[in-house]
Each structure stands twice: as structure tokens, then as C-alpha cells.
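Report on the following structure.
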There are 2 protein chains.
Amino acid sequence: MEFVTGEVVSKSMDLQEFIACAGSDRPVCLEGAIHSIRNMGEIAFIILRRQCGLIQTVWEDQKTNMDISQLHDGDYIRAEGTVRLEPRAVHGRELCIRTITILSRTSAPLPLPLAKWKLNTSLETKLNLRPVSLRNIRELSRFRIQEGVVRGFRDFLYSQGFTEIHTPKIGAKGAEGGSNIFKLSYFHKPAILEQSPQLYKQMMVGVFDRVFETGPVFRAEKHNTRRHLNEYTSLDFEMGYIESFLDICRMETGFLQHTMKFLEKNYSDSLKLLGITLPKVDQIPYVRFDEAKELVSEKYQRKIRNPYDLEPEEESLIGKYFQEEYGSDFVFVTHYPSKKRPFYAMDDPEDSRFTLSFDLLYKGLEVTTGGQRIHDYQMLLGKIESRGMTTEGLETYLEAFRCGMPPHGGLGIGLERLTMQILGEDNVREACLFPRDLNRLEP
Amino acid sequence: MEFVTGEVVSKSMDLQEFIACAGSDRPVCLEGAIHSIRNMGEIAFIILRRQCGLIQTVWEDQKTNMDISQLHDGDYIRAEGTVRLEPRAVHGRELCIRTITILSRTSAPLPLPLAKWKLNTSLETKLNLRPVSLRNIRELSRFRIQEGVVRGFRDFLYSQGFTEIHTPKIGAKGAEGGSNIFKLSYFHKPAILEQSPQLYKQMMVGVFDRVFETGPVFRAEKHNTRRHLNEYTSLDFEMGYIESFLDICRMETGFLQHTMKFLEKNYSDSLKLLGITLPKVDQIPYVRFDEAKELVSEKYQRKIRNPYDLEPEEESLIGKYFQEEYGSDFVFVTHYPSKKRPFYAMDDPEDSRFTLSFDLLYKGLEVTTGGQRIHDYQMLLGKIESRGMTTEGLETYLEAFRCGMPPHGGLGIGLERLTMQILGEDNVREACLFPRDLNRLEP
């Protein structure tokens, strides 16, 4: 009988190994995609692309087993030879090729100039050709940074005693209500796609005290703006035994602090490549919803049209205000009006027109909604009744509260929006591998 | 202006702090749910439940601010006092309560005896009351272990240079085909729920070399068995620059080795509580599909009915065989018949009736399907044509291959199945927080 052990041996060196063996006679093997070829006649520079970066290789006439004319941008090859120091090459080294093996060929010229520093192609074209356009190293670097944000979120919450959960995305009914819900048939029963793990994560606070989930959520909103996606990745947490909704803001600030450090430490290549300066998050101001409206109304001479709602332009001005006055990219706007928050939001005991809730604005864009939730069974029933809602479909949720729940609260962060703001992009689709919007269902 | 810093201060101590301050006069505060009350008249033992474990507190008549009759199983309280050593208490210490504050009350007796060691309740009842039944510490411990499996998967793959991706769950068409797909209307366009991130992760191999995703997948299968869920969490990876499909098996073996060590180190409490012995994974045997069928046919005198399919009973017997003959809980069954594998599977160049693919069986249950994929554009077109499929809906996928793709392969692991087998449970629903099956869409 034959056995597999856990050892994975790769023929190709990785970048660190490659860097380490310059100047020795050690035979070196590199596999990669041909990023570009600069043909000088007697010699040619073939730049190989791997996720870890670009590597320079040199083809010399008569010294390599293959003619340069047989190679094309986009071909995947294995190049074998030795490494020599070359100050003009990226990483200060290059591979002198002796043998080339073709791993896979392109079947036609590439549809985009992938080796260019910037693609200079419309977003529409980039999205239509996503698996190709992302081969440009600046394009793909965005999603390396997005990975870092998700890792930072999870690592920080694990360290704070949170348990990771996986909740269902197909549900029986949109308990949070609203018309913005995708419907489907589930074995001849009406079903929906969850617009948030909200009720599930609350139920799980009664079990694990603190929980989080990173997963897709679905919103059938008919907005087609630069800020909206109909499917996105939500970073959600919910924590029990809080004293105040500010505990949630503190936990989010801690996450941001951890994550910015984490990105700096582990994703510095991508940050440098994209020229990104990470925001300062040592402290984040917080301001009441009604005060924030007044502050910007005063400073920017803008009339308050609706005291119970924030218009996108107002969000943007609040962001501007806190940048100008306090040098902060972030601001927590607290105490949103009750009528704008769902039934489970905890009203402010001092003024029930407002809730113990908040949004986090990042450069004037809402990236988080959160707050304290009602934990008392009778209060929850009262709120449901006063809203004229039915408890149908909420039976199990309510049973959890009937059996006791600790004071708790939580939040949901839109991963793509947060990434977009870190990247300094102005369309959320730039921060989503395969966006879904009103007009886009493919690829 | 007021500011939030990242410091989250909790009034309640955690278990480690509690253990550290025994014997001192330091005032201690603990918050938790009342797991059980043992009332001896003059004194009463109140066991508090937190996710980190159970803690004993002692109420003494006249010395506490509240009468014991006011407290009930399931209430959430804050208990303040001092800690003393008590060898008979769990953790060897107890809190002598001076002040109790009610955080939240149950509104009725608990529907299940949560404090019992085993719930002894039907699976059906447990699932109907999920947010309550999980408050039993054995029930919740299963999902701590599940968390460890997912962390192990991610940590190992990060260390191996994989990039984490998030792919859409709503798609335009079921390119993998089959009738087992949930359909929905997406702004008046026909859409489906993805049954796997397969095509997306392949496309991303051309970008990131190695990618993984942990997320929900949806299968409209009409099976109602102990092994099937209609929505489950899939641990998926796909890696480029492989030499053989065995590289995928090696990577999975490495993941299992890492994860078993990780569980032992970080989740030993939960493992002990459930009496779980982790499987040995230092090496895993692999055997061809046709050979495996013959081996069990011979040893267990079972006639081979269909040479191109594995029946569940055969899977189970293969598991038994490798346990008996090689002491292994795991076995890779390789070279599945082409007609049983999707179009993108790489046929064995030595015998195109079979593929360079595999399933991993764990105690006789399939927990993984994987293999090498076709990376050559022309070969892929040929396979699609020979199957009588259309390329409609596959345009972007094919464009990625037209622009070149490295040799690659990957796998998908059913998280709930893997967890179920680690736990030694015989129904996959025991390893899913909120299962979705033919009859269950709630809670």
C-alpha cells in the first residue's frame, strides 16, 4: 500500500529561496507566467509573474533550449538555470536560463496590457474580464489587502474570546422585514436569502457570550450607486455582557488598531505597490446623530431637511468636518432615530425617539452599523407589538429571550466598503472580486 | 469632543483572572447565566455558566443582598464578592457572593434540563430549540471544535502561501450543470445559488497561484439522510503549479496534521469534555477506485454491482478495510471514473475512462472531493464538446484558460461532515448550528 504524508514539495522555488541562492552554482527552478518579454536580440529579459511578485530571468541565444520566438506573454513556463546578482533587476538578482519547459500556452494574444503599471481600462471592461484583468499586479494587490482586513478581524476577535459561527443563508422569512429581500422556492416552500446574520448571532450570544461571522449577505436593493452591492461580505460580531453600546465601538476601534498594525507588518508590499497610507486609529471621535447634523449644517451652511435621516451628502460632510476639526478619518455617529432602526435596537431610556446605536463613517462613508440590542423578553415583545409586527417566524428567536439573554450588542461591517476606503477607491466594485449589482450577475 | 480608544474593559473577570485571584481579598465580579442552583438552606451553590466554562459561587443567608428564592436557572446575574480556595469546586475555587445584580431574567422555566451532563433529548427537539439546547455545555463544545477545524484550515493555508477569496453565491447559471440547483429571480433575471465556488477558485488560480475560501454552498438535493445538508460550509482550496493530483492529497494531509495538533493545543477542554480522541494522520493510504472496490469485494464477500460507482455501503466497507488492515481512519480513493466527474476534471492520460481525482473517506464517509483539473484551453473545449455541453455561461471562465493557466487542482471539504466524524456523531445535523434539509428551513 502507498501512503501520502503531509509534505508538499514544489519544484519551483519561492521568492525567498530564490533570493537566498544568488551567486551560488546551485541549480534553480522557477515556474511562473510570462509577465513580459524584452527581446534585445542576443539576449532577452523574461519577467515571470507569481503571486509573491515579479522575477527577472534572462534568455541567451544558443544557451537556452528554446528559441525566444516560441514564447509569448501569458505563457506559463518552468525556467531552470542559476542565479546571479544584477543590481538593475527587481530583487537585485536574475535567473540565467538554461532550460525552459512550457507548462501551458496562451491560445491568443492577451486582451489587456497586463504588464502595464496601470491598466487604464474602464471598470466595466475590467469586471467583464475579471480573471484576466486581476493578473495585473496592482489589481490583484487590492485583494491581498482585503485578505489582511479579514484576517485582522478574525485574529483580533479570537484574541478577545469570540467564537466563530456559521449561520444559514437560506431562511424561512425575512424577520427583519423590508422589501429588499431575495426570494426563492425551497422545495416548494417560500424562502429568502438572509440580508444579515443578525437574529442568528444574537441567539448565539446566549450560547457563546461573544460570536462573530464573516460571510455573504444579500440585499435586493434597487440602488445602483458606487457604494452599493447586492451581495457583499459582512464582518459581523455580537457580544454579551456589555455595559453600554460604547463597548461595541471600543471593540471595533480595537479591531481597526489591530488590523492597521497587521497590514503594516504583513502586507507592506501590497501597501507600497498601491501607495497606500493607512489611517490613524488610535482614537475615534463619537458624536450624536442630531449634533452631527447641526455641526455640519452650521459649518457648511446646509439646511437640515429631515431631522430623522442622514443624506449621503450629509454623511460625506460629517466625514469632512471630523477630518478638518480633529484630523480623524473615522467618526462614530451615535443615537440614530428609532424609526430608522430595526425592532431589536435598544431605545435610549432617556429619550425613546433615539436608539443606543451607531454608524461608523470612514471618510464620510458608512462602513458599519451597530448598537445595543434589546435583551429583555417583555421589552422585545412590546417593541414588536408597538411596531405592528407579527411574531410569526420569530418563535425560536423569542424563545431564546424567554430563556434569558445577557445585555448585548454588535455590529456589521461591509468588507468591500471598508477595503474601498482603505484603498482610496471611489467605487465599491473595485474592492469586490465578482460584484453583483442591478445589472451584473456575471462573471 | 469625546473619543473612543480601543480599550474594552469588562466588569466581569474571565476565568483566568478568576483563578489567579483566589485567596486574596481583591473584590471580584463575575457575570454569567445561572447554570444550576443547589439550595442547602443556609447556603446555596450557584453555578454560573460562561463560554469559558462553569464557575462555582456561594450564596450565604444574611450575607448576600438578595434572597435565594428570587433566583432561577437561566437568569443572568452579576455576582460580586471574594474568591476562596475550595478543592471540591470546579477549578478548585469559589466566589463568596456579597452582592447580586440581576442582568436579565428568564420569563418561564427552561424547556430543557440544560445543566444535565447529557441532554437526552431527541435531535428534532434540540434543533427546534437550537438557541436554548446549545446552552448545554456538551452541546456547545461541538461547535468550539468546529471553530478549531476552520481556524486550522485557514492558518495552515495562509502558511502555505494561499490567498483567501470571497466569491459570489448568486450566479447566472449552473455551469457545473445538474438539477440540484436552487433557482431564484435576480431583478427579473433567472439566477441560481452556487453549489460550489469551483469555477471561481479555478479562475483565481491564474491570479493568486493558490487560493482558498470558507463559505456556504447550496445543493437542492432531495436526499434526506444522516449525511446530507442542503446548505453547508465548504472548505475549498485550489492550487497552481502542481506536478500531480497527489500534491492536493499531500496538502490536505498537511492540513489535517496541522489541525489535529492545533485542536489538541487550543481546544483540549472541549475535546476532554466530549471524550474525543483525535485520529492519527501522520500518513494516509491511497488506493485506486477500482482496486478499492475489489479489495472490499474480496474481503467482505460483496459482489460489485456497478464498476463505475461507489455505493454508500461500499464506502463504509472501504473505511472498515483500511481501519482493519492499516489502522487508518482515512483513505484517499483515487482515479474516479470520468463519467462520475465534472467536465473540468483531468482525465488520466493512461486511461481516459478514469480521472486524476480522489475522494477522502474518513471512517467510511466521504468528506472531501478533489483532483487535478484541465488547464489547457483546447483540451477543455474538447471535453465540453464531447460531453455535449454548451459554452454558454462559461465565457469568462474559458477566457481565463485562453489567456493561459498553470497546471492546477484542488478540493472541497464538507465542514459539517468532517466535524461530525471527529465528534463521532452519526448525524451531520449534530455538527451544524442551524441545519437546512428537505423538511427544515427553521429556525
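Derivation of every value follows stated rules applied to the coordinates shown; laboratory data play no part. None of the values given here were measured: they were computed from a predicted structure. Positions of Cβ are backbone-derived with ideal geometry, glycine not excepted, and every protein chain shown enters the neighbour counts.
Structure data summary
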read-out: Modelled FRET efficiency - R0 25 Å, residue B:10 with residue A:278, Cβ distances, 0.05 increments; value: 0.35
read-out: Calculated Rg and Dmax of the range A:15-104 using C-alpha coordinates, Å; value: 11.7, 31
read-out: Karplus (6.51, -1.76, 1.60) ³J(HN,Hα), θ = phi - 60°, over the range B:228-240, in Hz, Gly and Pro reported as x; value: 10, 10, 8, 9, 9, 9, 9, 9, 10, 9, 8, 10, x
read-out: Percentage relative contact order, chain A, counting C-alpha pairs under 8 Å, at least six apart; value: 13 percent
read-out: Cα coordinate range in the protein assembly as shown, projected on the principal axes (Å, largest first); value: 97, 83, 57
read-out: Nm distances between copies for residue A:25, ranked from closest, using label points 7 Å along Cα→Cβ; value: 7.9
read-out: Residue of chain B whose Cβ sits closest to the axis mapping B onto A, with distance in whole Å; value: B:184, 2
read-out: Cα centroid separation, the range A:168-220 to the range B:41-119 (Å); value: 34 Å
read-out: Estimated distance in nm for a label pair at residue B:85 and residue A:107, the labels positioned 7 Å out from Cα along Cα-to-Cβ; value: 7.6 nm
read-out: Distant-in-sequence amide H partners of residue B:436 (H built 1.01 Å from N, under 5 Å); value: B:230, B:231
read-out: For residue B:288, residues with placed amide H under 5 Å, excluding near neighbours; value: B:334
read-out: Cα-centre dipole for chain A with unit charges at Cβ (Lys and Arg positive, Asp and Glu negative), debye to 20; value: 1000 debye
read-out: Pseudo-label separations to other copies for residue A:291 - Cα-to-Cβ vector, 7 Å, nm; value: 7.3
read-out: Principal-axis tilt of helix B:137-159 within chain B, Cα atoms, nearest 10 degrees; value: 50 degrees
read-out: Least to most buried among A:55, B:304 (fewest other Cβ within 10 Å first); value: B:304, A:55
read-out: Calculated label separations, residue A:349, copies of the chain, 7 Å along the beta-carbon direction, nm; value: 7.5
read-out: Nonlocal amide H pairs with residue A:354, under 5 Å, H built at 1.01 Å; value: A:338, A:348
read-out: Part-to-part distance (alpha-carbon centres) for the range B:236-270 and the range A:135-156, which is given in Å; value: 22 Å
read-out: In sequence order, calculated HN-Hα J values of the range A:414-428 (Karplus, 6.51, -1.76, 1.60; Hz; x Gly/Pro); value: x, 4, 5, 5, 4, 4, 4, 6, 4, 6, x, 7, 10, 9, 4
read-out: Residue-wise HN-Hα coupling along the range B:381-391, computed from phi with Karplus coefficients 6.51, -1.76, 1.60 (Hz; x: Gly, Pro); value: 4, x, 5, 4, 5, 5, 8, x, 8, 9, 8
read-out: Mean residue ellipticity (222 nm) of chain A, computed from DSSP H runs ≥ 4 via -39,500 (n - 2.57), nearest 500; value: -9000 deg cm²/dmol
read-out: Paired Rg and Dmax values of the range B:137-431, which use every Cα atom, in angstrom; value: 19.1, 57
read-out: Mean-position separation - Cα centroids, the range A:395-443 and the range B:415-443, in angstrom; value: 25 Å
read-out: Selection from B:202, B:394, B:182, by position along the positive dipole direction of the range B:137-431 (Cβ); value: B:182
read-out: Percent antiparallel among DSSP beta bridges (both partners in the range A:15-104, rounded to 5); value: 90 percent
